[in-house]
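Chemist: Quick one: the structure is below, and I'll ask about it shortly.
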Amino acid sequence: MNIAVAQSGGPTCAINASLAGVYSAAQRVKEIDRVYGVLNGIEGILNDEMVDLSDKITSDVSYQLLLRTPSAVLGSCRRKLPNHQESTDIYEKITEILRKRDIRMFFYIGGNDSMDTVAKYSAYLNDNHINDIIMIGIPKTIDNDLCETDHSPGYGSAAKYVAATVQEITRDSNVYSIPSVTIIETMGRHAGWLAAASCCIRANGESAPHLIYLPETIFSIGGFLSDVRNEMKKHRAVIVVVSEGVKTEEGKFAAEEYQSGQKDVFGHCYLSGIGKLLEKLVAEKIGCKVRSIELNVMQRCSSHIASLEDIQSSEAIGMAALKAGLSGRSGCMMTFVRESDMPYSYRIDTVDAAKAANSEKFFPREWINEAGNNVLAPAYDYIMPLIQGELHAIMKNGMPLNFVI
């Protein structure tokens with residue numbers, strides 16, 4: 001029999017490690033003949049576009065490169081499938097192509113919306129009593145907003161990048177004698193996990209970031225300006241970290257005027273702009289030196305500072321997915337279950353993919369201070385184990401070498 005692996009949604013530093021984990025585990029199973037890499041997610045199945053990964057992963061060096069390469073080497077997509085009760089054609093085509101290639105297990109690596117695909121196709125298989133194909137979801141997202149799992153592969157590396165970058169910006173800002181405000185915008189549509197990760201620099205003796213704003217609390221322009229003025233009394237260089245998705249009391253995105261209003265196929269708004277808005281307000285209302293910095297896609301593609309813990313656990317959950325498939329599990333998403341913080345330990349389990357599909361895990365309100373402008377100690381305890389260790393790049397011509405399909 002053969003198996004297939006696809007990647008979907010936004011890329012991360014660790015999504016290829018999960019692909020590598022599935023491939024590595026499959027090489028130890030004599031009943032598996034081929035591991036197909038599906039190009040561009042579910043669209044690659046529909047177009048019958050696949051590669052035999054054994055033709056690409058030809059040595060331990062190429063495998064190690066795959067572990068270290070950011071983004072999705074198989075390509076991605078954001079295609080929303082209809083409910084199979086409304087339209088069966090697309091599901092019949094997926095099944096036909098999988099059977100044509102003798103693919104008995106299909107692994108889908110992705111986030112909330114990708115688990116929607118896993119749940120819908122699994123429901124089609126179940127309702128039509130199709131038992132010769134297994135579908136399993138493997139989690140990933142830098143936003144860490146997937147429900148039913150302690151954390152999502154990719155978050156640890158993104159969190160480490162955010163924290164390290166905020167530390168570097170803090171060092172830069174402190175060299176000047178004049179008062180200043182630096183506003184750093186992170187990704188985070190509805191959940192503030194990435195912005196919260198900036199608190200980790202306090203482990204290295206920084207007092208910054210002095211203010212952290214997350215979507216889980218109400219954002220007030222007046223409150224923000226008051227907070228900045230108060231921090232300027234204590235610090236010459238004030239560092240602010242803010243999630244792109246902070247909202248006002250009316251439920252609107254605070255930076256709505258800076259956004260296009262366009263949405264993706266899953267109905268999610270394209271965000272960014274809160275940093276520029278706050279920069280403008282500080283310049284107008286406070287009048288000090290101010291700059292805003294949008295971290296943008298660097299949060300998910302900066303493999304030069306990837307977390308070793310993140311890469312290793314992402315590989316491990318890929319391996320566990322293959323084991324779950326061999327045991328007959330289908331329609332599930334692999335999960336991490338944390339057992340302790342210090343020392344850090346976890347186990348890997350499964351959950352019905354439908355429980356994770358189209359839902360979001362928010363940053364706990366009890367981990368945010370009463371004023372809603374900073375995070376508390378439990379956030380530090382949760383995030384710190386996920387950013388530990390380094391995976392050194394394989395270099396060529398002074399630059400990291402990447403795996404290419």
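Chemist: Tell me which of these Glu168 doesn't satisfy, since it passes every other one: (1) closer than 25 Å to Asp52 by Cβ; (2) not in a loop (DSSP other than H, G, I, E, B).
Modeler: Just one mismatch for Glu168, condition (1).
Chemist: Do we have any residue at all in the stretch 251-267 that's part of a loop (DSSP other than H, G, I, E, B) and modelled with pLDDT of 95 or more? Reasoning before the result, please.
Modeler: Step one: list which residues in the stretch 251-267 are part of a loop (DSSP other than H, G, I, E, B), which gives 251-252, 254-255, 259-262, 264-267.
Subsequent filtering for residues that are modelled with pLDDT of 95 or more retains none.
No; the residues of the stretch 251-267 include none that is part of a loop (DSSP other than H, G, I, E, B) and modelled with pLDDT of 95 or more.
Chemist: Considering the stretch 384-395 alone, what residues qualify as being touching a Phe, Trp or Tyr at 6+ places or on another chain (Cβ under 8 Å) and in a helix (DSSP H, G or I)?
Modeler: From the stretch 384-395, those touching a Phe, Trp or Tyr at 6+ places or on another chain (Cβ under 8 Å) are 385-386, 388; that's our starting set.
Pro385, Leu386, listed by residue number.
Chemist: Sticking with this one: Taking the stretch 106-123, which residues are among the hydrophobic types (A, V, I, L, M, F, W, C), assigned to a helix (DSSP H, G or I) and buried (at least 24 other Cβ atoms within 10 Å of the Cβ)?
Modeler: Within the stretch 106-123, Met115, Val118 meet the criteria.
Chemist: Okay, next question. Are any of the residues in the stretch 333-345 in a helix (DSSP H, G or I), surrounded by 19 or more Cβ atoms within 10 Å (Cβ to Cβ) and modelled with pLDDT of 95 or more? Before the answer, list the steps.
Modeler: Let us first name the residues in the stretch 333-345 that are in a helix (DSSP H, G or I), namely none.
No, the conditions are met nowhere in the stretch 333-345.
Chemist: What about Ala191, is it modelled with pLDDT of 95 or more and part of a loop (DSSP other than H, G, I, E, B)?
Modeler: Yes: the conditions hold for Ala191.
Chemist: Taking Thr58 as meeting all but one of (1) free of Cβ contacts under 8 Å to residues at least 40 places away in the same chain; (2) surrounded by fewer than 21 Cβ atoms within 10 Å (Cβ to Cβ); (3) within 18 Å of Asp113 (Cβ to Cβ), write down the number of the exception.
Modeler: (3)
Chemist: Follow-up question, since we're still on this one. Where the second residue is buried (at least 20 other Cβ atoms within 10 Å of the Cβ) and not acidic (Asp, Glu) and the first is on the phi > 0 side of the Ramachandran plot and lies in the stretch 288-317, which pairs have Cβ atoms under 6 Å and are six or more apart or on separate chains?
Modeler: Cβ pairs passing all conditions: none.
Chemist: If you don't mind, another one. Got a sec? Which of Lys80, Lys140 is buried (at least 24 other Cβ atoms within 10 Å of the Cβ), charged (D, E, K, R) and touching a residue at least 40 places away in the same chain (Cβ under 8 Å)?
Modeler: Being buried (at least 24 other Cβ atoms within 10 Å of the Cβ), charged (D, E, K, R) and touching a residue at least 40 places away in the same chain (Cβ under 8 Å) holds for just one of Lys80, Lys140, which is Lys140.
Chemist: Pick from the stretch 177-191 the residues that are of a type in the set (Ser, Thr, Tyr) and surrounded by 19 or more Cβ atoms within 10 Å (Cβ to Cβ): which of them is nearest to Asn230 (Cα to Cα)?
Modeler: Per the stated criteria, the residue is Ser180.
Chemist: Here's a follow-up. Given the conditions (1) more than 12 Å from Arg189 (Cα to Cα); (2) in contact with a helix residue (DSSP H, G or I) (Cβ under 6 Å, 6 or more places away or on another chain); (3) at pLDDT 90 or above; (4) of a type in the set (Ser, Thr, Tyr), and given that Thr248 satisfies all but one, which numbered condition is not satisfied?
Modeler: The one condition Thr248 does not meet is (2).
Chemist: Enumerate the pairs (first residue in the stretch 318-333 and assigned by TED's automatic domain parsing to the domain that holds Arg28 and more than 15 Å from Asp349 (Cβ to Cβ); second residue anywhere and assigned to a loop (DSSP other than H, G, I, E, B) and among the hydrophobic types (A, V, I, L, M, F, W, C)) with beta-carbon separation below 7 Å, excluding pairs fewer than 6 apart on the same chain, so at least 6 apart or on different chains.
Modeler: Listed pairs, sorted by first residue: Leu326/Val29.
Chemist: What are the residues in the stretch 346-372 that are exposed (fewer than 14 other Cβ atoms within 10 Å of the Cβ) and part of a strand (DSSP E or B), if any?
Modeler: The answer is Arg347, and nothing else.
The values are calculated or read from the model by the stated rules, or taken from the named source; none is laboratory data. The shown structure was predicted, so the numbers you read here are calculated from the model rather than taken from an experiment. Neighbour counts run over all protein chains shown; Cβ positions are idealised from the backbone, glycine included.
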